[in-house]
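Undergrad: The structure is given below, and queries will be raised subsequently.
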Amino acid sequence: MADNGNGSGGAAHGVEIELRNLTKKYPGQAKAAVDDVTMTIPAGEIVALVGPSGCGKTTTMKLINRLIEPTSGEILIGGEDARRRPADILRRHVGYVIQQGGLFPHMSIAENVSLVPKMLKWDKKRTAERVDEMLELVGLDPANYRDRFPRQLSGGQQQRVGVARALAADPPVLLMDEPFGAVDPITRGRLQDELLRLQEELHKTIVFVTHDFDEAVKLGDRIAVLSEGSHIVQYAEPAEILARPANDFVRGFIGEGGAMKLLHVTRIADVDLGAGVTAKATDDAATVHSRLAEAEEPWAVVLDKNSSPVQWASIEDLDGKTGPVSEYGTPITTTISGRADLQAGLEALLGSDTDFVPVTRRRQYIGLVSLNTVQSAIQQLREQAKQAAPASVGEGSA
Amino acid sequence: MTVAPDTEVAAQPSAAVKAKPRRTWYLIGTPLLIVCALVADWLYVRSTHPDANARTTLQTSYMLSKLLEHLELTVVAGVFVLLIAIPLGILLSRKGMRLATPVVLALANIGQGAPAIGIIVLLAVLWKTGFEVAVVALIIYAVLPSLRNTMVGLQQIDPSLKEAGRGIGMSAAAVLFKVELPLAVPVILAGVRTTLVLLIGVAALSSLIGAGGLGEMISTGVQLQRYNVLVTGSVLVACLALFVDWLAGLAERYLRPKGIKA
């Protein structure tokens, strides 16, 4: 399966990873580091393993590519037993990213990225093309960066190269061990955004280990909250964990401001937005005025010919006026993309001098977000979580 | 120096890893010093009006043959030291060999800790005189710096790099040859350099057991009380040591993998 992930066109999509009764016990230790873990990581999803240090999350991840050999249990990658192939061969088909990229300082960026393709005996031309393609993918200009050495790059850039190296041979599965732990918060945020963008294109199966719950919420399609011995305390989608933590351990891990974090996992476009009153720029002021009066709304959103919101027109502005509505009112300074999360929407609201912020999709107006919208969205999320079947609760306890 | 392998190993990394940042004038400085020393010695010898006895020893052809003998001793012993120290250092830095490390380092420490002259004479008494014995004595004496730096050089590598190598599917051997050894090169070379300089110095003692070398000029000078011969022999040994140190320094400079900070 992994072997046909060649050629730049047909990128290998993710495959399912299944862990069955996976146990790792080190000799001389009473407790298993990883104790009977069973979980399924769906194809093409990012699953974040979170938990306190020493809970065995990294060990669990290393069991998948057999950097650590399990004491017992099974690992299936794309339905194939991971133990069937020699470990070195297996790992060439499983991308691996560690903190700071784990780049080899004595090799150029191109050499670092080409390591796995070379091990897979790709020819030179194809390898070189792939290196450039990968560098472009992670936003580094190949001509500029190919021949540099890792120490000439910033931490964030090194991390990107680390991701490029892991993806070079187009593995269906990517393991990431706290990859963004060592960079500053701003760079970290950017790298996270970029990983999400990459994932939209690539659909790999990504196992992401982190101790930062917020990072897990941001990146994970699912989150597995682990306690000691890698016990799965809760394994569910971020919104569900936030809205309905399985127990106090998870609650403690979410920390303060669970509701705020819930804002993070919801896209504005996915909640019920206020429609508002809209008007075309060419509409007559008097008509818009009467429509506002009828709808009992104080403001109208004036759209240009591309349906982009451009102006606010208040009922007072239009009182007794005629002519195109675009001649009255005040320009709209703040809009927000429907792809942004509710938290960003809330920030936009707090930062703007209006009670509403227009929401756009590809610059086109799709509705208004207000404090009310945010509040009712949160309530709705909570309701949904309560109605959901309690299937996600793991057997482990804190 | 006593047998204290632990403190030795602990103390070494900082000294070894730093490996002295060198400036460009180093390139010219050492050769210039060597030329000055040789010229000064020549002027001194001329001013002493050497007699016939001294002149036989101070002939260019004689000095050259002794210099070659000295180099031969050094090179042969040096090659053996590298053949022993580097593989042994690699072996001792592998997992599972940790227990053997203190023992081997203790032995190597004894080798260097014992007086060089003692080793040479003892070996000659126990075995025989001549070239082979001198080489063995030199190896025993000079193996430690190369061995220790090989080990330190490999041990100081960030473990996460080794794991990254294994994690992307490199075999243990590939990680050793493509990651660990290249990264350890600067430290290993610093050890080799120390070894070579030690060898030049100690090879001067091998004339005591009839193995030749520039040491002969020194002992002849002492025996015949010809100080010009004695001084010339010493100056030649010192200059040779400086020259080899300089060459090894160049090697360190140019063999250091690109991408690693000097």
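The values are calculated or read from the model by the stated rules, or taken from the named source; none is laboratory data. Being a predicted model, the structure only gives us computed values, none of them experimental. Reconstructed Cβ throughout: ideal geometry from the backbone, glycine too, with neighbour counts over all protein chains shown.
Undergrad: Going by what's in this entry, would A:Q152 be described as within 17 Å of A:G101 (Cα to Cα) and within 14 Å of another protein chain (Cβ to nearest Cβ)?
TA: Spelling it out, A:Q152 is indeed within 17 Å of A:G101 (Cα to Cα) and within 14 Å of another protein chain (Cβ to nearest Cβ).
Undergrad: While we're here: Which one of B:L250, B:L242, B:L198, B:L205 is closer than 30 Å to A:Q152 by Cα and more than 14 Å from chain A (Cβ to nearest Cβ)?
TA: B:L250
Undergrad: Out of curiosity, is B:F243 surrounded by fewer than 22 Cβ atoms within 10 Å (Cβ to Cβ), closer than 23 Å to B:L82 by Cα and more than 23 Å from the chain's Cα centre (by Cα)?
TA: No.
Undergrad: Let me ask another. When segment B:221-253 is examined, which residues are found to be modelled with pLDDT of 85 or more and among the hydroxyl-bearing types (S, T, Y)?
TA: Listed by number, the residues that qualify are B:T232, B:S234.
Undergrad: Related question: With (1) at pLDDT below 85; (2) among the aliphatic types (A, V, I, L, M); (3) assigned by TED's automatic domain parsing to the domain that holds A:A285 as the list, and A:A385 as the residue in question, which single condition is left unmet?
TA: Going through the list (1) at pLDDT below 85; (2) among the aliphatic types (A, V, I, L, M); (3) assigned by TED's automatic domain parsing to the domain that holds A:A285, A:A385 breaks only (3).
Undergrad: Does segment B:253-260 include one or more residues that are touching a residue at least 24 places away in the same chain (Cβ under 8 Å), hydrophobic (A, V, I, L, M, F, W, C), within 14 Å of chain A (Cβ to nearest Cβ) and farther than 20 Å from B:L147 by Cα?
TA: Looking through segment B:253-260, at least one residue is touching a residue at least 24 places away in the same chain (Cβ under 8 Å), hydrophobic (A, V, I, L, M, F, W, C), within 14 Å of chain A (Cβ to nearest Cβ) and farther than 20 Å from B:L147 by Cα.
Undergrad: In addition: Can you pull out the residues in segment B:153-178 that are in a helix (DSSP H, G or I) and facing chain A (nearest Cβ under 7 Å)?
TA: Result: B:S160, B:L161, B:E163, B:A164, B:R166, B:G167.
Undergrad: Determine, yes or no, whether B:V192 is within 14 Å of chain A (Cβ to nearest Cβ) and either on the phi > 0 side of the Ramachandran plot or part of a helix (DSSP H, G or I) (or both).
TA: no
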